[in-house]
1. Quick check on my filter: what residues within the stretch 133-143 are surrounded by 17 or more Cβ atoms within 10 Å (Cβ to Cβ) and aliphatic (A, V, I, L, M)?
2. Out of the residues in the stretch 145-184 meeting the condition of being among the β-branched types (Val, Ile, Thr) and part of a loop (DSSP other than H, G, I, E, B), tell me which one is nearest to the chain's Cα centre (by Cα).
3. Confirm whether SER130 is surrounded by fewer than 18 Cβ atoms within 10 Å (Cβ to Cβ) and more than 14 Å from the chain's Cα centre (by Cα).
4. Looking at (1) in contact (Cβ under 8 Å) with a residue 24 or more places away in the chain; (2) within 16 Å of ligand 1 (Cβ to nearest atom); (3) closer than 24 Å to LEU134 by Cβ, which is the one condition that is false for PHE6?
5. Could you look through the stretch 144-184, keep only residues that are at positive phi and touching a residue at least 12 places away in the same chain (Cβ under 8 Å), and pick out the one that is surrounded by the fewest Cβ atoms within 10 Å (Cβ to Cβ)?
6. For the stretch 76-97, does any single residue satisfy the condition of being within 16 Å of ligand 1 (Cβ to nearest atom), polar (S, T, N, Q) and under 17 Å from the mean Cα position of the chain (by Cα)?
7. Quick check on this structure: which one of GLU135, GLU141 is in contact with a Phe, Trp or Tyr (Cβ under 9 Å, 6 or more places away or on another chain) and away from ligand 1 (no atom under 16 Å from the Cβ)?
Amino acid sequence: MPISDFRKKKLLYVFNVFFDVNQSGTIDRKDFELAIEKICSLRGWASGSDQYKKTYDSMIKIWEGLKQRADANQDGQVSVEEWASMWDEYSKNPDKALEWQTQYLRFMFDLEDASGDGTIDADEFTSVCSCYGLEASECREAFQKMAQGKKEVNYDQFVALWKQFFTSENPSDPGNFIFGKTKF
Ligand SMILES: [Ca+2]
Ligand SMILES: [Ca+2]
């Protein structure tokens, strides 16, 4: 069965905004290096600091995992088609996520939980999403929709919302808003 338009739009959005950082049309190591710079400058982590190194190592590990699985023709680039087919596989069995997918989920949660208290609030969510170029007001709205009136989202809730993002066909499901966009 082909991927629905709704899911395809979501996958493309994450591809374009969170992964293909230099907007070249494919994902490669350079995009990850740019994302590392973005994240560390948002947090004020100087290159050479422990947190910079930790972010660098995590992101490069995620890239290596993604490339290994998704780069079918081994040209060092992950195309939109490779990306979509990988997430389509995921949607059929989200409890059997690839290692890099789980690492990325954890990485994003920890990044968003800037205070380190185990939950994400609207300010924390908005600061990370807007560093990827999103409108702060839309991020806030997306957080409200995703948290369904609560002030914070914990890790278990985040995991469930994440799965929903990649599997849901229902535009009103709260998981659709986990990447800061309110509409697809
Ligand atoms: Ca790119
Ligand atoms: Ca927090």
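1. LEU134, ALA142
2. ILE178
3. When the stated conditions are applied, SER130 does not pass them.
4. (2)
5. So, considering only residues that are at positive phi and touching a residue at least 12 places away in the same chain (Cβ under 8 Å), the one surrounded by the fewest Cβ atoms within 10 Å (Cβ to Cβ) is GLN148.
6. Yes - at least one qualifying residue is present in the stretch 76-97.
7. None of the others qualify; the one that does is GLU141.
This table checks each residue for (1) more than 22 Å from LEU34 (Cβ to Cβ); (2) touching a Cys at 6+ places or on another chain (Cβ under 7 Å); (3) not β-branched (Val, Ile, Thr).
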{"residue": "ILE60", "(1), (2), (3)": "no, no, no"}
{"residue": "GLU64", "(1), (2), (3)": "no, no, yes"}
{"residue": "VAL80", "(1), (2), (3)": "no, no, no"}
{"residue": "TRP83", "(1), (2), (3)": "no, no, yes"}
{"residue": "ASP88", "(1), (2), (3)": "yes, no, yes"}
{"residue": "GLU99", "(1), (2), (3)": "yes, no, yes"}
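Bear in mind these aren't lab numbers, they're just calculated from the coordinates by the rules spelled out. Computed from a predicted structure; not experimentally measured. Positions of Cβ are generated from backbone atoms using ideal geometry, with glycine treated the same way; all protein chains shown enter the neighbour counts.
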